[in-house]
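Working notes, beginning with the structure itself.
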Amino acid sequence: MPSRLPLALLAALAIAGCGGDDPPPPDPPPVRLTIASPADSSVVRTDSVELTGRVAPARAAVRVLGKAARVTGGEFSIEVPLEEGANVIDVAATLPGRSAAFAALRVTYDPRVTVPDLTGVADEEAADRLSALGLDPSRESVGGLLDELRSGERRVCESDPPPGTLVDPGAEVLLQTAKRC
């Protein structure tokens, strides 16, 4: 009498899927994440930045510093507040059933202001430009007695600190002015 055990074992293996010809389905591709801006190691003069980028698939969720970012058509953006000095911003993109994507970038917030070159600019306009930058303009006449007799506007001859210098917001900038430098 032939044994039924091998036949029963073969039937169980066939039902369980062992020994079949179909390979298991491949894992879906991982989520892809690209940061467009700001660039890593950026130095900015404002206390926040708009972080933008792309994610695929377009329906993936994006979180920046733990906060949900708006994703539209695979593009995302979010305003990120910064502390003075170095900031590390972490970004995560997730979609159920797929491997997540992560990124981190460094952005330094340096609130200092660059003193502009105002040489030759009318003194009133130069003072207005400095005020608009958050600096404190002051003026000093350097043309002497004969300069007062000349016609025309007073213009900036030099500034202290000089153009290109980084200063803290609210810093005083002395404009040395004359009708002829």
Kindly indicate whether any position in region 37-50 is among the polar types (S, T, N, Q), at pLDDT below 95 and either surrounded by 11 or more Cβ atoms within 10 Å (Cβ to Cβ) or not in a strand (DSSP E or B) (or both). yes
Restricting the search to region 108-122, which residues are out of contact with any Cys (no Cβ under 9 Å at 6 or more places or on another chain) and over 22 Å from P169 (Cβ atoms)? A122
At least 2 residues that are under 21 Å from the mean Cα position of the chain (by Cα) and surrounded by fewer than 16 Cβ atoms within 10 Å (Cβ to Cβ) in each: list the strands (runs of 3 or more DSSP E) lying fully within region 58-160 that qualify. 70-72, 75-81, 85-94, 101-109
Given the criterion out of contact with any Pro (no Cβ under 8 Å at 6 or more places or on another chain), over 30 Å from L130 (Cβ atoms) and modelled with pLDDT under 95, identify the matching residue among L33, L65, L5. L5
I'm told V55 meets every condition in (1) in contact with a Gly (Cβ under 9 Å, 6 or more places away or on another chain); (2) of a type in the set (A, V, I, L, M); (3) in the same structural domain as L166 (by TED's automatic domain parsing) except one. Can you identify the failing condition by its number? (3)
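The values are calculated or read from the model by the stated rules, or taken from the named source; none is laboratory data. All of these numbers come straight from a predicted model, not from anything done at the bench. Quick reminder, even Gly has a Cβ in these numbers, built from the backbone with ideal geometry, and neighbours come from all protein chains shown.
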